[in-house]
1. I'd like to compare 201-212, 171-182: which one has the highest average count of other Cβ atoms within 10 Å, and what's the full order after that?
2. For the pair H299 and V75, how long in nm is the line joining their label points, each one 7 Å along Cα→Cβ?
3. Sort V101, V264 by heavy-atom solvent-accessible area, probe 1.4 angstrom, most to least.
4. According to a simple spin-label model (label point 7 Å from Cα along Cα-to-Cβ), what is the distance in nm between V213 and A193?
5. Can you work out ³J(HN,Hα) from phi for every residue in the stretch 16-33, in order, using Karplus 6.51 cos²θ - 1.76 cosθ + 1.60 and θ = phi - 60°, giving whole Hz and x for Gly and Pro?
6. For a quick check of understanding: with a 1.4 angstrom probe and all protein chains in place, what accessible area in square angstrom does H299 have, to the nearest ten?
7. Using a 1.4 angstrom probe with every protein chain in place, what is the largest-first accessible-area order of L154, L314?
8. Label-point separation (nm) for V221 and R367, each offset 7 Å from Cα along Cα-to-Cβ?
Amino acid sequence: MPRWLPKAMMLALLLIGLFKLADWAFHQLIDLFVMLLVAFFLSLAIEPAVDRMAARGIRRGVGTFLVFIGLAIAVAGFLTSLGTLLVDQVAKIAGDLPHLVDNLIGWINRTFHQNLSMDQLQQRVLKDSGSIEKYAQQAADNVWGLSSTLIGGLFQAFTVGLFTFYLTADGPRVRRTVCSLLPPAKQAEVLRAWEIALAKTGGYLYSRALLAVASAIGHWVMFAALGLPYAVALAVWVGVMSQFVPTIGTYLAGALPVLVALTVRPVDALWVLAFVIVYQQIENYLLHPRITAKTVDVHPAVAFGAVIAGAALLGAVGALIAIPAAATLQGFVGTYVRRYEVATDPRIDRGEERKRAARERRLETARRLRRMVRGGGSGDSAGQGRGDEER
């Protein structure tokens, strides 16, 4: 046996043991890494507001605390209003349940030519009471599991909040610490990348907040005009869900007010659905481009793909932070990747000629309308108008 072979075998075993230890430690700490990632993105979103307060002489710790208090009040108000709405609607449905059951039985008898009655239904329920008791026992046994899950979720939320607070309040110190580990040539690039992430993430979330406020106000006016109960709570629900829940938020946002309108007057549900659809088009083509013009605009296909990728990697947390991460990555690409001008080529611009011809026809129609409105005008004004059109 060569003398180097035992040492090589011992080194290989040591490396395998270290790899196994690192793999075990990573899987044990993956929840901590996810919480740190979420806290980092939240700190990027909060830090611009803290920077503005720090520029006015407020200490960063106090400014961060004030931002946290504002967010806590907003979240508490949102959950309280929705809880009140949910309790009221559940109580109303429970009170109307006998009438709804009678209507359902009558519809089944008319549609399927049956002869069901309330007594038969009660007998069937009593006959299956053993199964109901079994399900109730299972639910009672799962109470402890639900309680532990709730406590774990609260602990994770507290941990994320604590990391977010320190990353935001000590933002300059964190950046200085990171840069102290790098040579001077790399420090400027790290700070530049950090600023891009800060601007894009904060800008994206702030634009979403503005869109949520506009959506809430518009829907509140409509719901109040229709006389829906809890119009403010429903409007806030629509604004928050449609802007901060990716991909399916718009559908979830419109479903609740439609269901509430059905319990009041069925015709109001049609009006609510029509308004939600119309407002969505106004937001997509008028409000969204103007508000996101100075921040970042993520293409819908990119956002959808980012949400799928984030959910596949980190579940619900990944889906929530996927779009800010995509916005940051888009900012990196726009800053660091050089783009070149592309020559006109029919293999690229397929269909552009038709679009250009349609655009020219619309411009010509607009010119004719302006000439008709002016009524010919003087020769100088006509010449000036032709000059403006040529420009």
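The values are calculated or read from the model by the stated rules, or taken from the named source; none is laboratory data. Note that the coordinates shown come from a computational prediction; the quantities given were computed from them, not determined experimentally. Note that we place each Cβ from the backbone using ideal geometry, even for glycine, and neighbour counts take in every protein chain shown. Ligands, DNA and RNA are stripped out before the accessible areas are found, and what is left, the full protein with its side chains, is counted by its heavy atoms. Shrake-Rupley method; radii C 1.70, N 1.55, O 1.52, S 1.80 Å.
1. Working: 201-212: 20.4, 171-182: 13.1.
Packing order, densest peptide first, comes out as 201-212, 171-182.
2. Modelled inter-label distance: 3.4 nm.
3. On the way: V101 35, V264 60 Å².
Correct descending sequence by accessible area is V264, V101.
4. Result: 3.4 nm between the two label points.
5. Residue by residue, the stretch 16-33 yields 5, x, 5, 4, 4, 5, 5, 4, 5, 5, 5, 5, 6, 9, 5, 5, 5, 5 Hz.
6. My reading of the accessible area for H299 is about 110 Å².
7. Ranking L154, L314 by accessible area, largest first, yields L154, L314.
8. 3.8 nm
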